[in-house]
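Quick notes on the structure that follows.
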Amino acid sequence: AITGHRPPATPIDTEIEALAASVLARLDRVILVASDHNAQESLDFAERLTAAFVDNGQSVAEIDAASGQQGIELGLTDLCAEGAEFGDVVHRGADDRFAFVPWGQGTRLNRNTERVATLVEALSDIYEAIVIVTGRVGMTSSLPLFTGIEGKCVLLSSAGTSNSAEAREIAALGFSDIRVIATAEPQSEVA
């Protein structure tokens, strides 16, 4: 086998590299990750994106506003319910360049709070990149919580079209910088 041979980059890998480059160039700071399929897809993408930032030597904070996985650590649900302070929900990794805000102990996010915007603002003063996982676009999406936050919204789309109902819904929330990333390989017409 040839050493140093890397498998060809997938379209997702290429998009992650492009997003990492835009943050490195300081064109983007806050990246919201949504999906038209499921929350897990956006969580997986966000983890890979966060890893790419760390690999570039950048500091990054990741916010889980999608998993719904209650844990023992205080997190976003606790902050939104005013059951925790900002310092209680930001968990630093072994490497100072990484911090994580988990879902938290609550079952759902309180949507009537300014605390999320304040959290993102505070984190963006400390970290070079903020990755926010918002899950599946629709009634249960946490995306409306982040309305008014300047950032790029990445829509992982099985349809791969920027004219989807989900992309229009994101635009209607006031996000103008939307990047649609096709997650499914285009179906070939050849039988």
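The values are calculated or read from the model by the stated rules, or taken from the named source; none is laboratory data. For clarity, every value in this text was computed on a predicted model and none was experimentally measured. With ideal geometry, Cβ positions are generated from the backbone for all residues, glycine too; neighbour counts draw on all protein chains shown. These accessible areas exclude ligands, DNA and RNA; they are computed on the full protein's heavy atoms, side chains included. Shrake-Rupley method; radii C 1.70, N 1.55, O 1.52, S 1.80 Å.
Here are some notes:
- As a length-normalised measure over Cα pairs under 8 Å and 6 or more apart, the relative contact order of the chain settles at 27 percent.
- Over the stretch 43-147, accessible surface divided per residue gives 47 Å², non-protein components excluded, 1.4 Å probe.
- Distant-in-sequence amide contacts of D177, defined by a placed amide H-H separation under 5 Å and a gap of 5 or more residues or a different chain, comprise C153.
- Excluding exposed DSSP-loop GluC sites (Glu not before Pro) (at most 12 other C-beta within 10 Å), longest clean stretch of the chain: 1-81
- Percent accessible area from carbon and sulfur atoms, the chain, protein chains only, probe 1.4 Å: 50
- Between the C-alpha center of the stretch 24-64 and that of the stretch 83-134 there is a gap of 14 Å.
- Residue by residue, the stretch 152-159 carries 3J(HN,Hα) couplings of 8, 9, 9, 10, 7, 10, 5, 7 Hz when phi is fed to the Karplus relation 6.51 cos²θ - 1.76 cosθ + 1.60 (θ = phi - 60°); x denotes Gly or Pro.
- 0 to 90° range, to nearest 10: angle between helix 11-24 axis and the chain longest Cα axis: 50
- Separation of the S176 and A9 label points, Cα + 7 Å toward Cβ, nm: 2.9
- Computed FRET value (nearest 0.05) for E73 with N163, which takes r as the C-beta separation and R₀ as 35 Å: 0.35
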